[in-house]
1. Kindly check whether there is at least one residue in segment 172-183 that is charged (D, E, K, R) and under 24 Å from G33 (Cβ atoms).
2. Right, D142: among the acidic types (D, E), over 14 Å from S45 (Cβ atoms), in contact with a helix residue (DSSP H, G or I) (Cβ under 8 Å, 6 or more places away or on another chain) and free of Cβ contacts under 8 Å to residues at least 60 places away in the same chain or not?
3. If you take the residues in segment 32-46 that are modelled with pLDDT of 80 or more and assigned to a loop (DSSP other than H, G, I, E, B), which one is farthest from L151 (Cα to Cα)?
4. For segment 68-88, which residues satisfy the criterion of being over 19 Å from the mean Cα position of the chain (by Cα) and either acidic (D, E) or not assigned by TED's automatic domain parsing to the domain that holds E145 (or both)?
5. What's the total number of residues in segment 44-88 that are surrounded by 14 or more Cβ atoms within 10 Å (Cβ to Cβ), more than 23 Å from M103 (Cβ to Cβ) and among the aromatic types (F, W, Y)?
6. Quick check: anything in segment 17-31 more than 24 Å from L151 (Cα to Cα) and modelled with pLDDT of 70 or more?
7. Under 30 Å from K50 (Cβ atoms) and either hydrophobic (A, V, I, L, M, F, W, C) or assigned to a helix (DSSP H, G or I) (or both), is that true of R141?
8. Within the group A169, A159, A189, which residue is part of a helix (DSSP H, G or I) and either surrounded by 15 or more Cβ atoms within 10 Å (Cβ to Cβ) or in contact with an Asp or Glu (Cβ under 9 Å, 6 or more places away or on another chain) (or both)?
Amino acid sequence: MQRFHVEYLLVDDAKMSKSLGNVYTIPDLVAKGYRPSALRYLLLSSHYRKQLNFTWDSLQAAEKALQRLMAFLARVDAVTNPGSHESVASRVSEARDAFGAAMRADLNTAGALGSVFELVTSLNSAIDAGELGTGDVPLVRDAFEGFDRVLGVLAVRRAEEAQPPLPVADIERMIDERQAARRRRDFAAADKIRKDLDAQGIVLEDNAAGTRWKRK
């Protein structure tokens with residue numbers, strides 16, 4: 001989906017202009033540690049007929065929203081409770097309807113994203129309560145894939161995730177070394193490996209199943 005804003009773009013409340021030195025390219029954003037997927041999300045979060053005021057805080061908020069969305073999808077994939085729930089199907093159906101209605105209302109992508117995150121909040125609560133089972137997972141995943149066929153932000157994020165800043169083999173080797181350090185109770189060495197990876201854009205998350213990594 002291509003989308004064009006019809007108003008001048010503002011940067012920190014000033015009109016974007018080369019003469020003001022407030023023109024940024026995607027490589028500029030990447031050099032500051034941001035991802036193209038965050039910029040795409042930011043652009044989608046504003047209606048194309050409204051003026052968009054770009055700020056670094058707004059880009060950071062877009063990044064956090066995307067992190068929340070990806071974390072939710074990871075939680076869905078980790079569901080192990082058996083069964084399916086009528087309440088989940090109902091919530092998904094309502095979100096699909098709200099999403100479609102927003103997009104039909106003059107491409108209201110901001111409203112569409114709102115319906116997506118209402119569903120995220122609702123289903124996170126269902127997971128916490130043990131009310132989302134493995135039988136619900138395909139329905140939930142299909143809904144989010146449907147949302148993304150329109151928005152195209154998860155696809156960009158996944159492409160970024162597929163190209164981490166370090167070779168995957170190196171990341172996994174360092175995770176193994178960290179695990180070995182923890183087993184011998186050398187917590188200083190384990191913490192150094194975690195910090196080294198973090199400095200290179202890789203975050204480690206420990207859970208009952210082991211350690212998983214993700215890009216910042």
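The values are calculated or read from the model by the stated rules, or taken from the named source; none is laboratory data. Computed from a predicted model, the values in this text were never measured in an experiment. Note that we place each Cβ from the backbone using ideal geometry, even for glycine, and neighbour counts take in every protein chain shown.
1. Yes, because at least one residue in segment 172-183 is charged (D, E, K, R) and under 24 Å from G33 (Cβ atoms).
2. no
3. In the first step, residues of segment 32-46 are kept if they are modelled with pLDDT of 80 or more; the result is 34-46.
Filter again for assigned to a loop (DSSP other than H, G, I, E, B), leaving 34-35, 45-46.
Working: Y34: 19, R35: 16, S45: 11, S46: 13 Å.
Out of the qualifying residues, it is Y34.
4. E86
5. Going through segment 44-88 one residue at a time, the tally reaches 1.
6. Restricting attention to segment 17-31, the residues satisfying the condition of being more than 24 Å from L151 (Cα to Cα) are 17-23, 31.
The next check asks that each one be modelled with pLDDT of 70 or more; those that pass are 31.
Yes: one or more hits.
7. Working: under 30 Å from K50 (Cβ atoms): no; either hydrophobic (A, V, I, L, M, F, W, C) or assigned to a helix (DSSP H, G or I) (or both): yes.
Considered against the rule, which asks whether it is under 30 Å from K50 (Cβ atoms) and either hydrophobic (A, V, I, L, M, F, W, C) or assigned to a helix (DSSP H, G or I) (or both), R141 comes out as no.
8. Working: A169 fails: either surrounded by 15 or more Cβ atoms within 10 Å (Cβ to Cβ) or in contact with an Asp or Glu (Cβ under 9 Å, 6 or more places away or on another chain) (or both); A159 fails: either surrounded by 15 or more Cβ atoms within 10 Å (Cβ to Cβ) or in contact with an Asp or Glu (Cβ under 9 Å, 6 or more places away or on another chain) (or both).
Just one listed residue meets the conditions, A189.
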